1. Give region 111-124 a look and list any residue that's touching a helix residue (DSSP H, G or I) at 6+ places or on another chain (Cβ under 6 Å) and loosely packed, with under 11 Cβ neighbours inside 10 Å, or say none.
2. Does ASP330 fit the bill of being open to solvent by 30 Å² or more (accessible area, probe 1.4 Å), in contact (Cβ under 8 Å) with a residue 40 or more places away in the chain and under 26 Å from the mean Cα position of the chain (by Cα)?
3. Between a residue in region 158-180 that is under 20 Å from MET220 (Cα atoms) and without any contact (Cβ under 8 Å) to a residue 60 or more places away in the chain and any residue that is among the polar types (S, T, N, Q) and assigned to a loop (DSSP other than H, G, I, E, B), which pairs come within a Cβ distance under 9 Å, given they are 6 or more apart or on different chains?
4. Which one is most open to solvent (accessible area, probe 1.4 Å) among residues in region 224-251 that are out of contact with any Leu (no Cβ under 8 Å at 6 or more places or on another chain) and in a loop (DSSP other than H, G, I, E, B)?
5. If we scan region 296-305, do we find a residue that is of a type in the set (Gly, Ala, Ser), out of contact with any His (no Cβ under 8 Å at 6 or more places or on another chain) and open to solvent by less than 60 Å² (accessible area, probe 1.4 Å)?
6. Considering only region 101-110, I want to know if a residue exists there that is outside any strand (DSSP E or B) and surrounded by 13 or more Cβ atoms within 10 Å (Cβ to Cβ).
7. Which one is modelled with the highest pLDDT, of the residues in region 259-293 that are farther than 20 Å from VAL384 by Cβ and among the small types (Gly, Ala, Ser)?
8. Return the residue satisfying two criteria in turn: it lies in region 334-357 and is within 18 Å of the chain's Cα centre (by Cα) and surrounded by fewer than 20 Cβ atoms within 10 Å (Cβ to Cβ), and of such residues it is farthest from ARG262 (Cα to Cα).
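The values are calculated or read from the model by the stated rules, or taken from the named source; none is laboratory data. Quick caveat, the model's predicted, so the values are computed rather than measured. Cβ: placed from backbone, ideal geometry, glycine included. Neighbour counts: every protein chain shown. Just the protein is used for accessible areas: all its heavy atoms, side chains included, with ligands, DNA and RNA removed. Shrake-Rupley method; radii C 1.70, N 1.55, O 1.52, S 1.80 Å.
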Amino acid sequence: MLLPKGGVTWKSATSRLPPSRAIWNYVARTRFLLVVALIGIVILIWDGVSGTAGDIQRFYCFGPAKSPMHMSPNEQAEWAGHLQTPVIFNHHTPVEVNHTSIQRVDLNGIASTPKAVINEERVLILTPLRNAAPYIEQHFDLLSALTYPHNLIDLAFLVGDSTDDTLAVLAMELERVQSRTDKIPFNSAMIVEKDFGAIVGMDVENRHGFAMQGPRRKMMGKARNYLLSAALKPEHSWVYWRDVDIKDSPTKIIEDFVAHDRDVLVPNIWFHRYKDGEDIEGRFDYNSWQESDAGRKLAAGLDKDIVLAEGYKEYKTERTYMARMGNWRDNKDVEIPLDGIGGVNILVKADVHRSGINFPAYAFENQAETEGFAKMAKRAGYGVYGLPNYVVWHIDTDEKPGNA
């Protein structure tokens, strides 16, 4: 084809194109549109067919290539184990309760830990009293000296079957201590009055004579349980049982005991007695002991309602007494497991009591009160321990002259 003289220009090129009206008429023809539509459909079908093979490689169903009806039990278990169907729960709006007669108690946050002071754990000190007027003033002097924060301590006393001025002296001492304006007053104090019809005398022969041990220990167990049920509150983490006739004890005894993190823990109980100007350091509490084969054999042959009493020739148990062990000059943190405990000084995690472990006012495995409590705690799986070198000093009651 010969090019025009002077070469190809835009004007010469456009002059050779068909008129725009002719082009529009051609495109608008039905036959042309149909051809374009058919070509588009063919392209879409081809693209779908060519991409199917790749998609099959990327998406597959887990499990064997067979119907679930034909799967073996193991194949069905494996297949079902990969099912994670999402579940959407309909969370309702909170229920609002405003009635003043409804109280909510949440014990989930109450714990007994070795860091009781840091965690501000509440301690309940319980003391049963009967004809105890002569010892109450000294009892409060020792309580006031405790270094555990007094705002975290609640006091509770049970006064029962007293024939002296126990209630009046107790009330006056509580008023004296709680009226102070320093850090000595305690968080709260409670007095529980309950008589049990006790007929056992309070002289040495009656309190510690062998014949009186069964009835006496059962009555004491009942008194402890009444006091515990009346005073234990949801906020308490520890229960500290402390007798009124303690002569002396370390001021940090609560902190020392909680640091051991034991369910039930007792110290050694001794007493001062001076003979020829020398302290014999007498051993007092023979209710803290380790069981022996002779003791188990003896109990196996006894009637289930008989209560064994320690330190009496009538029953030779040959148990190992913590009172005859230890030395207050040695390491005070040494622990030994115990099967029976005395009640002069006991620290208990509050949840032990909440779980139903109390002081049996009946023969439990031929023991009652504190020794029965230890047996019951161990039966429930709790740990019962003693500190043979940690000594709390009791008053000298003279019922075991020369005992050392």
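1. Once the filter is applied, which keeps residues that are touching a helix residue (DSSP H, G or I) at 6+ places or on another chain (Cβ under 6 Å) and loosely packed, with under 11 Cβ neighbours inside 10 Å, region 111-124 yields nothing.
2. When the stated conditions are applied, ASP330 does not pass them.
3. ASP161/ASN131; SER162/ASN131; THR163/ASN131; ASP164/ASN131; THR166/ASN131
4. The extreme case among them is GLU235.
5. Scanning region 296-305 turns up at least one residue that is of a type in the set (Gly, Ala, Ser), out of contact with any His (no Cβ under 8 Å at 6 or more places or on another chain) and open to solvent by less than 60 Å² (accessible area, probe 1.4 Å).
6. yes
7. Across region 259-293, the extreme among qualifying residues is GLY282.
8. Among those residues, the one meeting the criterion is GLY356.
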